1. Tell me yes or no: at least one residue of the stretch 105-114 is crowded, with 18+ Cβ neighbours inside 10 Å, touching a residue at least 12 places away in the same chain (Cβ under 8 Å) and in contact with a Phe, Trp or Tyr (Cβ under 9 Å, 6 or more places away or on another chain).
2. Among the residues that make up the stretch 142-151, is at least one of them open to solvent by less than 10 Å² (accessible area, probe 1.4 Å) and at pLDDT 95 or above?
3. Taking LEU6 as meeting all but one of (1) within 12 Å of the ligand (Cβ to nearest atom); (2) crowded, with 22+ Cβ neighbours inside 10 Å, write down the number of the exception.
4. State which residue is farthest from the ligand (Cβ to nearest atom) when the search covers only the stretch 170-189 and only residues that are of a type in the set (Gly, Ala, Ser) and open to solvent by less than 60 Å² (accessible area, probe 1.4 Å).
5. Mind checking which residues of the stretch 154-178 are among the acidic types (Asp, Glu) and more than 21 Å from ARG19 (Cβ to Cβ)?
Amino acid sequence: MNKPLLLSTNNKGKLKEYRDILAPKGYLIYCPSDLGIEIEVEETGKTFRENSLLKAQALSEYVNIPVIADDSGLCIDALDDFPGLYSARYASSLGGYPSAYEDLNKKLQGKDRKAHFHCCICLLEKDKKPLYFEGDCPGEILSEPKGSNGFGYDPIFFSTELNKAFGEASEQEKDAVSHRAKAIAKLSIYLCL
Ligand code: ITT
């Protein structure tokens, strides 16, 4: 039987990855717009966990089914994990991802390019404490975008596990190693218990 989960996101790239990974395991992933709900969460948390909880709480007021929320970002070692929590806001403050790619490349001139993506999923079920599932994937920041697959920073993220940019990786390749896939793997173990 298909088990419903409501994903508190407005990001279509994330939604697709949750559906691709969890549908074969028997989960039906809904998003707020499927239910005609509009949510705009102010991400005032100081950590990925705090923000994922804020997003999950915003939606759990509406429904009885389990809610999940994802807070994630690109963390660059030489920039003290910037843009990190601010990954989405930084790109939109510059007018979009192409400008963010250029700006990051400038900031990284002469510096080490080691980075990782981080994903924290918050699971909120009625009358239960929130639970968190996290995942990381290692890589390096490319000086130019490569490929156009995925979303967000994928074209400038060279995955050391895949030996190619996420922008050049197929959906299946990214889902085999990504921060989100690793967090979802932990979540799905919990959901099967
Ligand atoms: P929701 O809050 O509605 O889920 P969002 O995009 O604002 O959508 P976040 O606040 O968690 O979500 O910011 C995540 C940002 O980090 C995302 O918009 C990208 O810029 C970046 N990011 C996270 N995971 C990524 C991935 O798999 N590939 C590329 N960029 C990613």
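The values are calculated or read from the model by the stated rules, or taken from the named source; none is laboratory data. Here the structure is a predicted model, which means the values were calculated and not measured. Glycine also receives a Cβ, built like all others from the backbone with ideal geometry; neighbour counts cover every protein chain displayed. Side chains are part of the model used for accessible areas, which takes the heavy atoms of the whole protein and leaves out ligands, DNA and RNA. Shrake-Rupley method; radii C 1.70, N 1.55, O 1.52, S 1.80 Å.
1. Within the stretch 105-114 (the criterion being crowded, with 18+ Cβ neighbours inside 10 Å, touching a residue at least 12 places away in the same chain (Cβ under 8 Å) and in contact with a Phe, Trp or Tyr (Cβ under 9 Å, 6 or more places away or on another chain)), the answer is no, since none of the residues qualifies.
2. Taking every residue of the stretch 142-151 in turn, none turns out to be open to solvent by less than 10 Å² (accessible area, probe 1.4 Å) and at pLDDT 95 or above.
3. Result: LEU6 passes all but (1).
4. Result: SER188.
5. Of everything in the stretch 154-178, those that are among the acidic types (Asp, Glu) and more than 21 Å from ARG19 (Cβ to Cβ) turn out to be GLU161, GLU168.
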